[in-house]
Amino acid sequence: MEKLINEFSIGLFFWQLVLFIGLVLLLRKFAWKPILDAVEKRESGIEDALKSAENAKLEMQNLQADNQKLLKEARAEREEMLKEARDMKNKMIEDAKAEASETATKLIEQAQASIQSEKKAAIADLKSQVANLSVEIAEKVVRTELSNKDKQLQLVETMLGEKSLN
Amino acid sequence: MHNVMSLKTICLLFVFVTSLSFSQESMHLEEIAPEVEGKQDVKTEIKEYINHHLLDSYDFSLTSYTTDSGEHKYIGFPLPVILWDNGLKVFSSSKFHHGESVAEVDGNHYALHHNKIYKTDAAGTITLDEHHHATNKKPLDFSITKNVFTIFLVGLLMFFMFSGMAKKYKKGNMPKGIGRFLEPIILYIRDDIALPNIGKKHYKRYMPYLLTVFFFVWIINLLGLTPLGVNVTNNIAVTLALALITYVLTTFTANKNYWGHIFWMPGVPVPMKIILAPIELLGTIIKPFSLMIRLYANITAGHIVLMSIIGLMFIFKNWLGSSLSFGLAFALSLLELLVAALQAYIFTMLSALYFGSAVEEHHDDH
């Protein structure tokens, strides 16, 4: 210990202190600060690059998912449209069918009605003609027959008998 | 992969340089070996050499040798001596002639005794007391010694190295050149030392200090293993200065919670609080004190052991023992390389830990 104290040099201590403090201050300004800043800048740059790459990847994935979604939607829409068209077609056919059958029944009904009325008219015509004919016949018959009395009576009787048959 | 490669290259480089250092030191020892007679003298010589190596010096000498005429020659250059003795005195350390002569400045005389400057008379008389301590007056010494010169050199090197590295980032975001090797270390200190110990909120404030202290201690520890023969971190003055900065930073950036834990420990009965307060207060000083001692002792011990084993080569003086101790020294120097980085890591780690406790937010769970 005594040797240590004996060997201790104040001059060396002084110079070491002065030099070292000066060295720390100088190096801080001219070396450590620029070096550490540059290193930090580089590290943050790398980190940013990695982050942006990750972001780009995510965006890419999102984009792909979007595309997929759009495609799906388009497909669904097409399907929908096709379905609608099919439905419309079916409906139209149905409607047309219904309308056609309706018209047909109407026409048939009309035809039936007109047939009925024609028939009625024809029957009425026939009846009147038959009546006229029968009157004319009766007239002729009466003219010929009614020349004698007996025949007149006989005629009346047959005619009556016929009438009841009708 | 690239970083691993450059790390390997640098490790290899240091191994190479370290082995060079042995050869230089060995040369020096061999030069002086013939001077002394007998093994005992070689031992004292080695011991003195180690002691001398561990001490600071007033000139930057790489090695020395003795000429045939018995004259000591030193390879290196002198450094300025700065003294405060009733006014500033600045002169070259060459005036001491490596402690062999008395330097005379403005009518004052100074002499070296055990690597310390004392004020003497013109003849350079050093008076000793009964404990063999010099009683001469010691002037305030702010000399640029070998260690001071080295720390300035390291400071300059670090400044150019890291500001150059910072400039490269302006051109592009990637590290270039030496930055490829240094950036992972900087990131390691940030992510594995500062962030987990201090926390995300405050760590930025302490980063300049942690980075500077790590690289400073590491580089200076490694320099201690080179043939330059400098050992800065085995001076307690250097480690004290570093530990003091850690202590001051911890103390002056501490929040209320930190002081609360020291003076009025929550969650313990009142008498315990009174007992704990001085212990905790002492703890704040012991923590940086342990930092100081740990770094100093580890590096000093490493140097002493390494140099002793190198010295063994000259005591054995036979092919078996010397080569064995060379192998041992080689393995040990590899260990010292690890210790150099490890001590820098531990110093930084513990500093971060202390800063972390100073800025820790209040928790209700205790």
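Comparing mean-square fluctuations of B:Leu112, B:Leu128, B:Leu157 from a GNM of chain B with C-alpha springs under 10 Å, the top value falls on B:Leu128. Say the cut-off is 26 Å between C-alpha atoms; which of A:Lys127/A:Lys149; A:Lys41/B:Lys287; B:Lys95/B:Lys146; B:Lys204/B:Lys256 go over it? In this structure, A:Lys127/A:Lys149; A:Lys41/B:Lys287 exceed 26 Å between Cα atoms. Considering the options B:Val248, B:Val148, B:Phe181, tell which one lies farthest towards the positive end of the dipole of region B:142-289, charges being +1 on Lys and Arg and -1 on Asp and Glu at the Cβ, about the Cα centre. The residue sitting most towards the positive pole is B:Phe181.
Counting Cβ atoms of other protein chains within 10 Å of each Cβ in B:167-173 and taking the mean gives 4.
Of interest is the spacing of the C-alpha centroids, which for region B:185-255 and region A:69-104 amounts to 88 Å.
The slack in the chain from A:Lys119 to A:Ile137, taken as 0.36 nm per residue of separation less the alpha-carbon distance, amounts to 3.9 nm.
When the helices of chain A are scored as -39500 (n - 2.57) per DSSP H run of n ≥ 4 and the total is divided over every residue, the value at 222 nm lands at -34000 deg cm²/dmol. Helical content alone sets the calculated 222 nm signal of chain B at -21500 deg cm²/dmol, taking -39,500 (n - 2.57) per DSSP H segment of four or more residues and averaging over every residue. Taken about its Cα centre, the protein assembly as shown carries a charge dipole of about 1020 debye when Lys and Arg each add +1 at the Cβ and Asp and Glu each add -1 at the Cβ. Peptide B:236-249 has a mean shielding of 4, counted as Cβ atoms of other protein chains within 10 Å of each residue's Cβ. Charge dipole (Cα centre; +1 on Lys/Arg Cβ, -1 on Asp/Glu Cβ; no other charges) of chain A amounts to roughly 160 debye.
The dipole here belongs to region A:81-166: it is taken about the Cα centre, uses +1 on the Cβ of Lys and Arg and -1 on the Cβ of Asp and Glu, and is about 60 debye. A Gaussian network model of chain B, with springs between Cα atoms under 10 Å, assigns the largest mean-square fluctuation among B:Asn298, B:Asn173, B:Asn147 to B:Asn173. Partner shielding of B:155-161 amounts to 3, given as the average count of beta-carbon atoms from other chains within 10 Å of each residue beta-carbon.
A short reminder: the numbers here are calculations on the coordinates, not readings from a lab. Computed from a predicted structure; not experimentally measured. Counting neighbours? That spans all protein chains shown, and the Cβs are built from the backbone with ideal geometry, glycine included.
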